[in-house]
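The values are calculated or read from the model by the stated rules, or taken from the named source; none is laboratory data. All of these numbers come straight from a predicted model, not from anything done at the bench. Heads up, the Cβs are rebuilt from the backbone with ideal geometry, glycines too, and the neighbour counts pull from every protein chain shown. The protein model used for the area step is the full one, side chains on, heavy atoms only, and it has no ligands, DNA or RNA in it. Shrake-Rupley method; radii C 1.70, N 1.55, O 1.52, S 1.80 Å.
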Amino acid sequence: MIHRLEPYDYDRVEPLFQPLRFHLTSAAVLDGGSPGWVYVDDPWQPQSAFMLSPEGCYLVGRADNETFNQDL
């Protein structure tokens with residue numbers, strides 16, 4: 001199942017997006033400086049996340065999360 005995170009919960013996925021911090025857009029979405037949406041497998045303990053932003057899409061976390069990947 002996929003859950004959309006509210007912006008005030010983006011801190012929960014910051015560790016997953018750490019390898020992409022060099023992408024200014026992904027960092028700006030997480031920091032609230034750019035519009036975007038973040039979807040996760042588990043809103044309380046996310047293992048996989050998908051970000052949709054005006055500049056692109058980013059998929060992070062467990063590559064073997066088949067349920068999340070299929071739902072996405």
Residues MET1 and ALA28, FRET efficiency given R0 of 25 Å [Cβ-Cβ distance, rounded to 0.05]: 0.35
Solvent-accessible heavy-atom area per residue, rounded to whole Å², over the chain at 1.4 Å: 63
Length added when fully stretched, GLU55-ASP11, from 0.36 nm per residue minus Cα-Cα: 13.8 nm
Label point distance in nm, GLN47-GLN18, each placed 7 Å from Cα along Cα→Cβ: 1.9
With all protein chains modelled, accessible area of SER34 [1.4 Å, Å²]: 30
Structure-based [θ]222 nm, the chain - -39500 (n - 2.57) summed over DSSP H runs of at least 4, per residue, nearest 500: -5500 deg cm²/dmol
Percent accessible area from carbon and sulfur atoms, the chain, protein chains only, probe 1.4 Å: 52
Qualifying chymotrypsin sites (Phe, Trp or Tyr not before Pro) for the range 42-72 [loop in DSSP, other Cβ within 10 Å: at most 13]: TRP44
